[in-house]
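Please read the structure below before turning to the comments.
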Amino acid sequence: MSDAPKAIVLAHGDIAAALVTAVDLITGRGEVFEPLSNRGLGAAEIDALLRERVDALGARVVFTDLPAGSCNFAACRVLRDRPGLIVVTGVNLPTLLQFATRGDASDADAVTAAVARGSGALRVLTGPPRVD
């Protein structure tokens, strides 16, 4: 899938790389994403890295891990001067799996489906009632 559209996963530590590795193991389509880490970088450095990679890849979608984290703040700053860029925050594995298997869907439609899948995957599991 060498002509796959590129999206960036920007997250703290090794989270982005781990998520992209899992997508590749499950679907074989990890090349859809470029993982980036904020490790050891200040705000200006994260911005510069993200801008460079968005432009180099022609990326139209950036996934980040935390809504109030440095990765998402950087993505929102880049969003201001990159028309058409879409930023999705709170990314999880089901979100990326859905996006990676998007078929011919537009970026907007693929993101909408991916966010629905990621949100829908959250569950609270409990065991039988505890008897004391």
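Tabulated values for the structure
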item	result
Cα-based helix-to-principal-axis angle, 15-27 vs the chain, degrees rounded to 10	70
Extended-chain gain in nm, criterion 0.36 nm per residue less alpha-carbon gap, Arg39 and Thr126	27.8 nm
Which of Leu93, Gly40, Ala22, positive extreme of dipole for the chain (C-beta unit charges)	Leu93
Cα centre as origin, Lys/Arg/Asp/Glu Cβ charges: region 1-97 dipole, Debye	240
Förster radius 35 Å - calculated FRET efficiency between Arg77 and Asp109 (Cβ-Cβ, nearest 0.05)	0.85
For the chain, alpha-carbon Rg relative to the globular expectation (2.2 N^0.38 Å, N residues)	1.12
Between 0 and 90°, nearest 10: helix 107-120 axis offset from the chain longest Cα axis	30
Sequence-distant residues sharing a close amide H with Val88 (under 5 Å, placed H)	Val62, Phe63, Thr64
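Quick note: the coordinates plus some simple rules give every number you see, no bench work behind them. This structure is a prediction, so every number in the text was calculated from the model and none was measured. So basically every Cβ, Gly included, is an ideal-geometry build from the backbone, and we count neighbours across all protein chains shown.
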